[in-house]
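First up is the structure itself, then whatever we jot down about it.
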Amino acid sequence: MPKLPHYTPELFKQLRKGYTKQDFTKDLMSGLIVGILALPLAIAFAIASGVGPEQGLYTAIIAGFAISFFGGSRFQIGGPTGAFIVIVYGIVAKFGYDGLATATLMAGVMLIIFGIAKLGGIIKFIPFPVTVGFTGGIAIIIALGQVPNFLGLQFMGAKEPADAIGKVTLYAKSLDTTNLYAVIIGIIALAICFLWPKITTKVPGSLIAIIFATALVKILGWDEAHGVMTIGSKNSIPTGFPTPHLPNIGLDMMRQVFQPALTIAILGAIESLLSAVVADGMTGSRHRSNTELVGQGIANVLSPIFGGIPATGAIARTATNIKNGAVSPISGLIHAVILLLIMLIFGKYAEMIPMAALAAVLFQVAFNMCGYKNFIKLIKGAPKSDVTVLLVTFVLTVVMDLTIAIEVGVLLAAILFIRRMSDVAEVECVMEDDDLKQDDEELADPNNIGSRHVPHGVAVFEIMGSLFFGAVEKFKTALDMTSSHPKILILRMRQVPSIDAAGVQMIEGLLAKCRAEGTQLLLSGVHSQPIVALSKSGLLKDIGEQNVLANIDAALNRAREILGLPLVAAKPTTPSVDWEHNVQQPWIPENANAKVAEETTEVIAETVSEIQSADIPKAESEKKDTFHKMMHKIFPWIK
């Protein structure tokens, strides 16, 4: 059976290195500050997501503890974040909390699978315009959803719609119910949020804004006299902790929430790994992305069992953790314990917090996460295809649905990238009687075909770019345009780093066409990956190993051999491919053909990599000589 990858949480690695009293003191202080900061944010994110404030606290406590305990980053602080508000609100509105709990649990399992499958590095391939687009869209939705709380609007029994256009329409109709006192509280809280960092960054401005706004409302009695809404007006915060229980999960519900669950998993992975990268940049440490994904997955499996919502790494809280002197994941554990104590002891006091103040805090969160600088930069300077992806993802996030936005954004980005790669791919043809015009770049190239004599009856086609499905038709068209039928056709592939099944099929079709026309096909400058692909497909054997050569000099001499012409000794030049480095007299075909390539380190390494990716099971007793046996299996002539 194949073994699972080694997995050790960062907490245990740090404890093994040694943990002192001074370290604990630093973690205690940073955990205390971050725990206090997390309180209003957990409540605000929960309410904005359409669930009770206590569920945000449960998430910050349970998931926050699990992320620090099981994760792969020294400084990561986890909990509910603004990135999830849009998707969570939509799930709750459509499927209720049972649907959200099911989706969260499924997302947790997906994240664990991502980590075990070592997909931590793949998450970074989510296109940047997609990330900027949906992040900006989420920020707009968060801010839009807080307008009623900031203005103190009353909907007179009307249910608030989930879509942005419906929200704007309802808000416009309800403007006559604006509460001036709520607006004043909101403006004061918003001003504190943005101005407080100019005084100090040790204590977060959002906490000061919440405390000041709550005290002001209670002292002036605006909650009772002027109807300023507080958390207690709509919700109650329990002073106890929930009993763990499995959510009501059904197969039908799992089918319905699969796509939202995948969105939660992808968002959680992106957000947590981005937060970990930011932490690495601030501290010089290095997180382990796959371990972090497993930790995030465990946290999201545990969260709904305790009545929580999705959680991930929080960039702002992680940065605050670092700035306040954290040295290990223990600060994250302390932050969760502090939150638990606050909820149990002071939970009832949190019900006094004005909704307008929470709206102000979320306005600041939306502003900080919108990434307007990156958005403007992409609009002004990015290629049109990237701008298209950015705007499509942004608009779909705001107008339709985050899940659809990410799916369409990634798909559109992939299609446009394939088109771009296809556009830059080129094919050039050189015949014996061509009048070659060389530019400075070609003259500086020691392997330039223009500096070599192409024998009569030989045509050289040079392919530039990966030979993949998106570019195959372009190559086919260029190859079909030649009207002559040369005796030898050299397909030069020194600028083809990779090839896929469509590319192999194209060469196979070219070989069949050449045979039908009596033309001998030669390949020149074939890199390691194409050599392995051609070998596995059996095409290398069909072409003949002696006809697949490392460089253009060997290919031209092979053509001369076939035509009965004398060989031309060439001066050693810069190798065309990696495996040519150790070839003696590389212009002689016998020294630079595919048989020689298959015995070189580069091609062997490429072959071993493909075999390892296929996950061939290995018995314990064979471990000592596994490499030799694998080599013998691939290349029988190796003793």
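The values are calculated or read from the model by the stated rules, or taken from the named source; none is laboratory data. Model, not experiment: these values are computed from the prediction. All Cβ positions, even for glycine, are placed from backbone atoms using ideal geometry, and neighbour counts span all protein chains on display.
Only residues that are among the hydroxyl-bearing types (Ser, Thr, Tyr) and modelled with pLDDT of 90 or more were counted in region 331-365, giving 1.
Please enumerate the residues belonging to region 11-28 that are surrounded by fewer than 12 Cβ atoms within 10 Å (Cβ to Cβ) and over 20 Å from Ala66 (Cα atoms). Correct list: Lys17, Gly18, Thr20, Lys21, Gln22. Looking only at residues in region 201-221 that are more than 34 Å from the chain's Cα centre (by Cα) and β-branched (Val, Ile, Thr), the one that is surrounded by the fewest Cβ atoms within 10 Å (Cβ to Cβ) is Ile219. Inspect all residues belonging to region 173-185 and state whether any of them is assigned to a helix (DSSP H, G or I), of a type in the set (Ser, Thr, Tyr) and closer than 21 Å to Gly50 by Cα. Within region 173-185, none of the residues are assigned to a helix (DSSP H, G or I), of a type in the set (Ser, Thr, Tyr) and closer than 21 Å to Gly50 by Cα. Among the residues of region 367-397, those that are within 24 Å of Ile315 (Cα to Cα), in contact with a Leu (Cβ under 9 Å, 6 or more places away or on another chain) and among the hydrophobic types (A, V, I, L, M, F, W, C) comprise Phe375, Leu378, Leu390.
Which residues, taken from region 19-65, are in contact (Cβ under 8 Å) with a residue 12 or more places away in the chain, more than 26 Å from the chain's Cα centre (by Cα) and not in a helix (DSSP H, G or I)? Scanning region 19-65 gives Tyr19, Gly50, Val51, Gly52. Listed conditions (1) among the hydroxyl-bearing types (Ser, Thr, Tyr); (2) assigned to a helix (DSSP H, G or I); (3) free of Cβ contacts under 8 Å to residues at least 60 places away in the same chain are all met by Thr243, apart from (2). Taking the criterion of being within 17 Å of Phe45 (Cβ to Cβ) and either touching a Phe, Trp or Tyr at 6+ places or on another chain (Cβ under 7 Å) or surrounded by fewer than 24 Cβ atoms within 10 Å (Cβ to Cβ) (or both), the residues of region 88-116 that qualify are Tyr89, Gly90, Val92, Ala93, Tyr97. Taking residues in region 97-116 that are more than 9 Å from Ala265 (Cα to Cα), and partners anywhere that are among the charged types (D, E, K, R) and surrounded by 21 or more Cβ atoms within 10 Å (Cβ to Cβ), the pairs with Cβ atoms closer than 9 Å and at least 6 places apart or on different chains are Gly115/Glu292.
Being touching a residue at least 40 places away in the same chain (Cβ under 8 Å) and not in a helix (DSSP H, G or I) is the filter here, so list the residues in region 154-172 that pass it.
Matches in region 154-172: Ala162, Asp163.
For the condition at pLDDT 90 or above and of a type in the set (Gly, Ala, Ser), Ala550 does not qualify. Counting only helices (runs of 4 or more DSSP H) that sit completely within region 282-393, those holding 3 or more residues that are under 19 Å from the mean Cα position of the chain (by Cα) correspond to 289-305, 372-381.
For region 254-265, the criterion of being more than 29 Å from the chain's Cα centre (by Cα), surrounded by 13 or more Cβ atoms within 10 Å (Cβ to Cβ) and modelled with pLDDT of 90 or more is met by no residue.
Ile353 meets each of the listed conditions (1) touching a Pro at 6+ places or on another chain (Cβ under 8 Å); (2) over 30 Å from Val217 (Cα atoms) apart from (2).
Of everything listed in (1) more than 16 Å from Asn300 (Cβ to Cβ); (2) in the same structural domain as Ser328 (by TED's automatic domain parsing); (3) part of a helix (DSSP H, G or I), the single unmet condition for Arg16 is (2).
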